[in-house]
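One structure is given here, and the rest of the page talks about it.
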Amino acid sequence: METISYNQVKLLIRGRGKFDYLTSTNGRPTEKDEGSAKWEAENSMIMSWLINSMDSSIGRTYLFLPTAHDIWTAVNETYSDLGNAGQWFELKTRLWRLKQGEKTVTQYYTDLKTLWQEVDMFTIMSGVMRRTGLCFRKWWKKNVSSNSSSALIRN
């Protein structure tokens with residue numbers, strides 16, 4: 001099974017009009033409330049979407065949480081560590097290794113833009129900047145010499 005990204009899951013759930021289950025604005029009703037059965041069914045469906053979007057070995061660890069909001073929060077706390085050196089190292093490595101090679105200019109640009117968006121995602125989640133590519137370009141200027149960046153573009 002292929003896992004999907006945070007943004008893909010968010011789009012799916014927002015598109016179905018159920019994002020409030022993740023943000024807890026659609027809180028769990030009491031068992032006596034009229035909408036309780038409907039809420040439980042929808043919550044279970046969203047929990048299933050979340051768990052099925054993960055690698056099975058990861059998803060299993062969230063099976064026993066009671067609500068979609070609890071799963072969403074736990075996953076974000078576990079995997080959205082913005083200071084995670086491993087994630088940054090992996091992303092920087094992918095940026096350094098990216099070369100046009102046999103790719104068309106369009107495919108190379110798409111790959112590069114995708115990496116910029118991943119860098120933006122780290123920064124956006126920390127509330128710094130929101131424009132696609134801007135965060136990466138500032139990071140790039142700060143961390144990479146102009147000689148290295150022109151070498152990356154030529155390759």
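Given the conditions (1) farther than 28 Å from Val119 by Cα; (2) modelled with pLDDT under 90, report the number of the one that Val9 does not fulfil.
(1)
Any idea how many residues of segment 54-99 are part of a helix (DSSP H, G or I), modelled with pLDDT of 75 or more and aromatic (Phe, Trp, Tyr)?
Number of matching residues: 3.
The values are calculated or read from the model by the stated rules, or taken from the named source; none is laboratory data. Remember, it's a predicted structure, so these values are computed and weren't measured experimentally.
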